Amino acid sequence: MTTTPRRTVLAAAVAAAVGTTASLTTGSATASAPSGSGRRGGRAEPESSIEYRGWVTAADWSSGTAQGVSVVATGRAGVVLSRAAGTVDYTDPHTGTTRPYEYATWLSPTHRAATPATELIASWNADTPAGTFVRVEMVGTYSDGTDTPWYTLGVWAAGDADIRRTSVDDQEDGRSTVWTDTFAIDDAASGLRLTTYRLRLTLYRRPGGGATPKVWRVGAMTSAVPDRFEVPASTPGAAAGVELTVPSYSQNVHIGRYPEYDNGGQAWCSPTSSQMIIESWGRRPTAEQLAWVDPDFSDPQVCHAARSTYDYQYGGCGNWPFNAAYAATYRDMQGVVTRIATLDDAERLIAAGIPVITSQSFIASDLDGVGYGTSGHLMTVIGFTAGGDVVANDPNADDNAGVRRVYQRRQFENVWLRTRRYDANGVVRSGSGGVCYLYFPAAPTAAQRRALACVGVR
């Protein structure tokens, strides 16, 4: 498996696996997760530094600074390239091809993080017709008043005929680094933090063409989750006894398929999980989209998901924002990467009908019945038993029939929400601290909007 440097707390997936692996790869008024102590539903809430801020409404888009970009206010609001601000030659680092593109930009207002942050992950939803693509960047201010460089967080297109979607390595200034898809302060113990940030979209199209990208959502999750080997225990709540209807797909039936997209199996946990949840919302790729897949292969839609999420720089399908962006290519769907502070919030989402794709790393003894260890893995939380244990579609199974699992609540929440763990050799490693993907309709129900608001998303 091809790997890249660590993603700090958020990226255990690039470390060497323990035993049998299941690889991770990896709004608008401000909407934020609860900060400080409080009570919801009669239960005490833990401290949370997590905030997701999204730009998604016409008013959000109008609040930014545009050069050549117009706001589409009717239907699903977004921004499009209406007038070229300039032309640039783009050399694809993975094909060597250089082509001219017209471009236009949209720059968000400065947003002050609810809590000074050690990490930031952006995500976006866009349509990129043939001949178009988008670049997402950030610039921020440190707690000492100085600025970060402009960092590229992704160069993205839904397809791969024009450009190869890619993260960008070797971005750092000695105080912060971008690890594939995650901005991180290099030394959190120093006290340095990210206090404000701006996001910039650059929309590209081939000169003379009438096509344009359309971006419907862009946002970022910031956090300063403390180092912790254990998190407070929760008790069963809103979703006890609720299990959503989600198809079961195994990543392991694809072992050896499409080496150019990281060879299936353990490398495909993220797109396999994404595809399960996309289809739970009634969306599927068309026969035309699947025509390239070998007809002898089962579940060709998983192969399609792998190709559609593959990051040519990372060398894998586990770029978190690329998975969320892929989900949003389906009709009237949205995708967000964020973190969740408690299993209670996951229950609220499940109770409202929204599954949760979770990122975790563990050794086999951390999670009874799992039968493997992993330096990073994606699975889907689809429900809870009456007693509150977690019902998960875990793609690390020999076949589709073995995907549905039940994991002990206390073990699962600790494995998912902790930021520090011990590997099989007793060495301290990182955990995801509650990283998740949320996929939901462009027009959620009132109950779904309330559940999303609990985790700062709208």
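The values are calculated or read from the model by the stated rules, or taken from the named source; none is laboratory data. Quick caveat, the model's predicted, so the values are computed rather than measured. With ideal geometry, Cβ positions are generated from the backbone for all residues, glycine too; neighbour counts draw on all protein chains shown.
Testing R76 on (1) over 13 Å from A220 (Cα atoms); (2) modelled with pLDDT of 95 or more; (3) not β-branched (V, I, T), one condition comes back false. Which one is that?
Every condition holds for R76 apart from (2).
If I ask for residues that are closer than 19 Å to A238 by Cα and either surrounded by fewer than 16 Cβ atoms within 10 Å (Cβ to Cβ) or touching a His at 6+ places or on another chain (Cβ under 6 Å) (or both), which ones from the stretch 435-458 would you list?
Matches in the stretch 435-458: T445, A446, A447, R449, R450, A453.
Has the stretch 93-105 got at least one residue that is of a type in the set (D, E) and over 29 Å from H304 (Cβ atoms)?
Yes, the conditions are met somewhere in the stretch 93-105.
Among the residues of the stretch 358-373, is there at least one that is within 17 Å of the chain's Cα centre (by Cα) and under 20 Å from A453 (Cα atoms)?
Within the stretch 358-373, the subset within 17 Å of the chain's Cα centre (by Cα) is 358-361.
Restricting the remaining residues to those that are under 20 Å from A453 (Cα atoms) gives 358.
Taking every residue of the stretch 358-373 in turn, at least one turns out to be within 17 Å of the chain's Cα centre (by Cα) and under 20 Å from A453 (Cα atoms).
So, D170, is that one in contact with a Phe, Trp or Tyr (Cβ under 9 Å, 6 or more places away or on another chain) and either acidic (D, E) or part of a strand (DSSP E or B) (or both) or not?
Working: in contact with a Phe, Trp or Tyr (Cβ under 9 Å, 6 or more places away or on another chain): no; either acidic (D, E) or part of a strand (DSSP E or B) (or both): yes.
Against the criterion (in contact with a Phe, Trp or Tyr (Cβ under 9 Å, 6 or more places away or on another chain) and either acidic (D, E) or part of a strand (DSSP E or B) (or both)), D170 does not qualify.
Report yes if A352 is in the same structural domain as R429 (by TED's automatic domain parsing) and surrounded by 24 or more Cβ atoms within 10 Å (Cβ to Cβ), otherwise no. First the steps, then the outcome.
Numbers: in the same structural domain as R429 (by TED's automatic domain parsing): yes; surrounded by 24 or more Cβ atoms within 10 Å (Cβ to Cβ): no.
No.
Would you please name the residue that is farthest from T222 (Cα to Cα), looking only at residues in the stretch 101-117 that are of a type in the set (V, I, T) and not in a loop (DSSP other than H, G, I, E, B)? Write out each step before concluding.
Start the filter on the stretch 101-117 by keeping residues that are of a type in the set (V, I, T), which leaves 105, 110, 115.
Still in the list and also not in a loop (DSSP other than H, G, I, E, B): 105, 115.
Numbers: T105: 23, T115: 8 Å.
That would be T105.
Would you check if there is a residue in the stretch 280-292 being of a type outside the set (S, T, Y), more than 12 Å from Y439 (Cα to Cα) and surrounded by 19 or more Cβ atoms within 10 Å (Cβ to Cβ)?
Yes, because at least one residue in the stretch 280-292 is of a type outside the set (S, T, Y), more than 12 Å from Y439 (Cα to Cα) and surrounded by 19 or more Cβ atoms within 10 Å (Cβ to Cβ).
Restricting attention to the stretch 24-71, which residues are part of a strand (DSSP E or B) and either closer than 30 Å to G264 by Cβ or at pLDDT below 65 (or both)? Steps first, please.
Quick first cut of the stretch 24-71, residues part of a strand (DSSP E or B) only: 32, 38-40, 43-45, 51-55, 65-67, 69-71.
Once the filter is applied, which keeps residues that are part of a strand (DSSP E or B) and either closer than 30 Å to G264 by Cβ or at pLDDT below 65 (or both), the stretch 24-71 yields S32, G38, R39, R40, R43, A44, E45.
Quick one: what pairs do we get from the stretch 307-335, first residue assigned by TED's automatic domain parsing to the domain that holds M276, second basic (K, R) and surrounded by fewer than 24 Cβ atoms within 10 Å (Cβ to Cβ), C-beta under 6 Å, 6+ apart or different chains?
What qualifies is Y312/R164; Y330/R283.
Identify, please: which residue in the stretch 383-409 is of a type in the set (A, V, I, L, M, F, W, C) and under 21 Å from Q266 (Cβ atoms) and is, among those, surrounded by the fewest Cβ atoms within 10 Å (Cβ to Cβ)? Spell out the reasoning first.
Keep residues of the stretch 383-409 that are of a type in the set (A, V, I, L, M, F, W, C), which gives 384, 386, 390-392, 397, 401, 403, 406.
Of the ones still in play, those that are also under 21 Å from Q266 (Cβ atoms) are 392, 397, 401, 403.
Numbers: A392: 24, A397: 21, A401: 9, V403: 25.
Here the answer is A401.
If you scan the stretch 182-196, which residues turn out to be in a strand (DSSP E or B) and hydroxyl-bearing (S, T, Y)? Can you show your working first?
Here is the first cut: in the stretch 182-196, the ones in a strand (DSSP E or B) are 182-185, 194-196.
Matches in the stretch 182-196: T182, T195, T196.
Scan the stretch 370-392 and tell me whether some residue there is farther than 19 Å from T342 by Cα, modelled with pLDDT of 95 or more and in a helix (DSSP H, G or I).
Checking the stretch 370-392: not a single residue is farther than 19 Å from T342 by Cα, modelled with pLDDT of 95 or more and in a helix (DSSP H, G or I).
Taking V415 as meeting all but one of (1) closer than 29 Å to D332 by Cα; (2) under 19 Å from the mean Cα position of the chain (by Cα), write down the number of the exception.
(1)
Given the criterion under 30 Å from P285 (Cα atoms), assigned to a strand (DSSP E or B) and hydrophobic (A, V, I, L, M, F, W, C), identify the matching residue among L120, L153, L199.
On the way: L120 fails: under 30 Å from P285 (Cα atoms); L199 fails: under 30 Å from P285 (Cα atoms).
Only one candidate qualifies: L153.
Those residues that are within 10 Å of Y103 (Cα to Cα) and either buried (at least 19 other Cβ atoms within 10 Å of the Cβ) or touching a Cys at 6+ places or on another chain (Cβ under 8 Å) (or both), I need them from the stretch 69-85; list them, please. Break it down into steps so the answer makes sense when it comes.
Kept after step one, since they are within 10 Å of Y103 (Cα to Cα), are these residues of the stretch 69-85: 69, 81-85.
Listed by number, the residues that qualify are V69, L81.
Which pairs do you get when a residue that is charged (D, E, K, R), found in the stretch 226-242, comes within reach of a residue that is surrounded by 15 or more Cβ atoms within 10 Å (Cβ to Cβ), reach meaning Cβ atoms under 7 angstrom, with the pair 6+ apart or on two chains?
Correct list of pairs: D227/T419; D227/R420; R228/R418; R228/T419; R228/R420; E230/N414; E230/R418.
So which residues in the stretch 280-316 are of a type in the set (G, A, S), part of a loop (DSSP other than H, G, I, E, B) and over 18 Å from the mean Cα position of the chain (by Cα), if there are any at all? First the steps, then the outcome.
So the first thing to find is which residues in the stretch 280-316 are of a type in the set (G, A, S), and the list is 280, 282, 287, 291, 298, 305-306, 308, 315-316.
Now restrict to residues that are part of a loop (DSSP other than H, G, I, E, B): 282, 291, 298, 315.
Within the stretch 280-316, G282, A291, S298 qualify.
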